[in-house]
Each structure stands twice: as structure tokens, then as C-alpha cells.
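Inspection log for the structure reproduced underneath, given as C-alpha cells.
The values are calculated or read from the model by the stated rules, or taken from the named source; none is laboratory data. No experiment lies behind these values; they were computed from the predicted model shown. Neighbour counts run over all protein chains shown; Cβ positions are idealised from the backbone, glycine included. These accessible areas exclude ligands, DNA and RNA; they are computed on the full protein's heavy atoms, side chains included. Shrake-Rupley method; radii C 1.70, N 1.55, O 1.52, S 1.80 Å.
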Amino acid sequence: MSKHYQILIVGGGNAGLSAAAQLLIQKSSLNIGIIEPSEKHYYQPAWTLVGAGEFDINATEKRMADYIPKGANWIKDAVSTFQPEQNQSTCKSGKKYTYDALIVAPGIQIDWGKIKGFKETLGKNQVSSNYSFDVAPYTWELIKNFEGGTAVFTNPSTPIKCGGAPHKIMYLACDYWRKKGILDKCNVHYISGASVIFGVKEYAVTLSKVVAKNNIHVHFFSNTVEIDGANKTVYYEEKNADGFTELKEMKFDICHAVPPQSAPDFIKNSPLADANNPLGYVEINKNTMQHSRFPNVFACGDSVNAPCSKTGAAIRKQVPVVVENLLSFLNNKECGAQYDGYSACPIPTQYGKLMLAEFDYTNTPKMTFPFDQAVPRWTMWIMKKYLLPWLYWNKILKGRA
Ligand SMILES: Cc1cc2nc3c(=O)[nH]c(=O)nc-3n(C[C@H](O)[C@H](O)[C@H](O)COP(=O)(O)OP(=O)(O)OC[C@H]3O[C@@H](n4cnc5c(N)ncnc54)[C@H](O)[C@@H]3O)c2cc1C
């Protein structure tokens, strides 16, 4: 026996809860089920500030029960398989749920295991990562107590949530060490799988100056493959100009590493995955957010194959499109709403100053404010530290922003 919902949502994260709340604002009589296994909901964008000693980790975690929108049914379970031909999802418990329309929003999978030794050394041996709720406070311990030596920051070659996070923490660390008077004793290296510091050239110009000012040694096309915590060594594969890959190693005194990421395995192994996407993301039309093969399936958030930057800011623009198109679909109307790939990356360039990079699928700046956002500002820092967390818990998750 299966239970039926008009709309079934997989994942009660940023995307899933915002979508449920906006749907219920549009039509309170909708019968919505949200499948979500976690008792807790996390405001992950603040983890960078946690790592920099500027935000309390406990304020980033709240009870899921308090944020499931009134009128939606929380199914405390995890989806394991999809049967889209039967409009059905099956959960780990074995229970099955059918739907008229499905929203897939289970976020991204952190592949700690893809860097040898990382999981074993995470949170000890001077190795940290802001990508973990448990470990982000350790980043601050490392930065605060550093007295000089080699500091390594890594960025993987896969897309990740918040592409700016691997270097945001590096700029803050350098600024902290400058103020402490030890920056000239710090040998800072950025080992990145990317080919540039930032994909939008207007913002990259600003960041290149920050890199130069802090005397950061940048290694592009360099993919971290192993972290040997006991011997304080990072191994990375660097692609040279001839396209050959060379294995290199670097000793460190502290290391902030970012793991490779991909679609959750249950998505990768499902009929909803894009067979041409090696990381297994959900196959959608990047403008309508509707599944390419199953028209009653929509997706938003970090698990989609759309070539946008994976952020909460992107989700804020995706969700209204999903909501409008899903309701159109249920009313046998055309899915006319379009997402243009908007995303934003708030990059602190030092304590008290932040550059709000906004852009779309074409990597064209899409600035909200009537000033040059490529210039780091105190007002943007205040927005990131105080306004955005408030907006998230009080408006975004409630479908009102
Ligand atoms: C260090 C860091 C810094 C960041 N900085 C920023 C920033 O400055 N600005 C910004 O906009 N964004 C930032 N982000 C990115 C932002 O947090 C994510 O893009 C956003 O949370 C993605 O939302 P989501 O709903 O797709 O996934 P999530 O919010 O991760 O939620 C996914 C949900 O799905 C649930 N789930 C998982 N598996 C299943 C299953 N099998 N069945 C049902 N449910 C399941 C999970 O329990 C979870 O609740 C940052 C992220 C990190 C880690």
C-alpha cells in the first residue's frame, strides 16, 4: 500500500522547505508531503564565518520540526529509489509514496572519501574543513593559533556548493594574520582544481588583487588526491601546459581542505539522473526546472544538473520558477516561468569587507545594488553577517523572500 500526495517533496533543506512554503502561500489546500530524515536544519552559509571566529556554530542549527511549513506533512524517512513511471518514490523504511507532482531537492553529497586520508584526519592533525558542521569551529582554532609556517587551502575540481567558500576562508585567515603581525611569516598556498580564481572576470579582478596583496601562491589545474595528516603532507595532481598530470606534494603546518562533491548516490543510481553527467545530477531543463523526461517531476537546489553556481542565493530564484511551473503543470497549462541561472557569492576579502558577486548562466554580472559590487564594502559584510541569516530563518524558509 502506498500513500498519495498531490505534491511530494524530497528533502527539507533550503530548497525543499522554501518550495513547500511558497506552494502553500499560493494555495493552502495543497496536500504536500516532505520526505526528510534529519531532525536538524542547517544554515550552511554561515559556516565560513564560523571558521573565521565570527559566528556561533550553534546558531546555524535549528530543529527541523520548527521549520516544516504549517499545512505540510513531514515524513521522517529517506528516499532510496524512484519509480517515476508509476509516480512513486520508495523510502528506506520500505514505505512507498505516490504523487501528482514531485520536487526533488536532497542537496549535494560530500565525497570525503574521494581524497585519500581526508576523513581519517579531518578535525585533527591541523586539518579542517568548513564543509562540516562538527569541524568548522576547528578551522578557527587553527587560524587563531597559527604562528607562521605553511598554510594550505584546497579547492576540488568538481562543482561544489558555494564555489567561493574554499578561498573565502583563505582571505579571512590572511587578514587575521596580517593584523596579528605574522603574515610575512606565513607561506600561503591555494591548490585549486579550477583554472581561474573566479569565473566572472569583473569579480576576478578584485580577487586577484587580494591574492597579490596577501602574497598567496596559487596553483590552478591542481586536484588534491591525498591528505596525510600524520606527516602533514598534501598530495595533488597538477596538469601542466602539455596536458600531462604530475603528482606533487606539499608539506603544511595547517590545511583547510574542501572535499569533492556529487549528486547523492540514490539520485545518481535513479532514472531521474542525467546519464551524461558524470556526477549524476538530476536532469532538468535549466530554465523551467522541469525534468527533461518526466514532466511531473521538478527539481531545485544543489542536486540539479543546471550549470549554475550551487548556492542558497540561486535557490531563491529557482524556487518561484518551480512553484509557478508546477502549479501550471497541475492546471494543464504551459510551464512558462524561466530561471536565468542567477547566483550570488558573498566573498569576504578581509574582516569587515565583502564583495557580493552576482551573476547568471552567461557569467555576466547581475548587480542588485546601484553601486559597483566588485568593490568590497562594509555594508555587504554587515548584510552577510546579520541580515542574511535573519532573512533565511524568518523569510526565505517561510516562503516570503
Ligand atoms: C561552507 C559553506 C558555505 C556556503 N556559503 C554560501 C553562501 O555564502 N551563500 C549561499 O547562497 N550559499 C552558500 N552555501 C551553499 C548553500 O548552503 C547550499 O547551496 C544550500 O544549502 C543548498 O540547499 P539544498 O536544499 O539544495 O540542500 P540542503 O540545504 O543541503 O538540504 C538537503 C536536504 O535533503 C535531505 N536529504 C538528503 N538525503 C535525503 C533522502 N535520501 N531523502 C530525503 N531527504 C534527503 C537532507 O537531510 C537535507 O535536509 C554554502 C555552503 C557551505 C557548506
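Of the solvent-accessible surface of the range 112-261, computed with a 1.4 Å probe over protein heavy atoms with every protein chain present, carbon and sulfur atoms account for 51 percent. Under 8 Å for C-alpha pairs, at least 6 residues apart: give me the relative contact order for the range 112-261, rounded to a whole percent. In percent, rounded to a whole number, it is 35. Counting only heavy atoms of the protein chains and using a 1.4 Å probe, Thr362 has close to 100 Å² of accessible surface.
Tyr281 contributes about 10 Å² of solvent-accessible surface, heavy atoms of the protein only, 1.4 Å probe.
Taking every C-alpha pair closer than 8 Å and separated by at least 6 residues, the mean separation divided by the residue count of the chain gives a relative contact order of 18 percent. Sorted largest first by accessible area at a 1.4 angstrom probe radius, with every protein chain in place, the residues Met383, Met355 fall in the order Met383, Met355. Look at the dipole of the chain built from charges on Cβ: of His189, Tyr67, Leu49, the Cα furthest out on the positive end belongs to Tyr67.
Hydrodynamic analysis of the chain uses the Kirkwood radius over alpha carbon pairs. Inserted into Stokes-Einstein at 37 °C and 0.692 mPa s, it gives a translational diffusion coefficient of 150 µm²/s. Taking 0.890 mPa s as the viscosity and 25 °C as the temperature, the Stokes-Einstein diffusion coefficient of the range 112-261 based on its alpha-carbon Kirkwood radius rounds to 160 µm²/s. Note on surface exposure: Lys76, Lys268 rank Lys76, Lys268 by accessible area, highest first, 1.4 Å probe.
Highest GNM mean-square fluctuation among Pro156, Pro295, Pro320, for the chain modelled with Cα contacts below 10 Å: Pro295.
Of all the options Ile182, Ile32, Ile315, the one that moves most in a Gaussian network model of the chain with Cα springs shorter than 10 angstrom is Ile182. Whole angstrom only: what separates the Cα centroid of the range 1-42 from the Cα centroid of the range 308-339? Each part's Cα centre sits 15 Å from the other's. Dipole magnitude for the range 112-261: computed about the Cα centre from +1 point charges on Lys and Arg Cβ and -1 point charges on Asp and Glu Cβ, it is near 420 debye. Solvent-accessible area per residue in the chain equals 42 Å², computed with a 1.4 angstrom probe and all protein chains kept. Measuring only protein heavy atoms, the 1.4 Å probe finds Trp74 accessible over about 70 Å². Global size of the range 340-401: 12.4, 32 Å for Rg and Dmax (C-alpha atoms, Rg to one decimal, Dmax whole).
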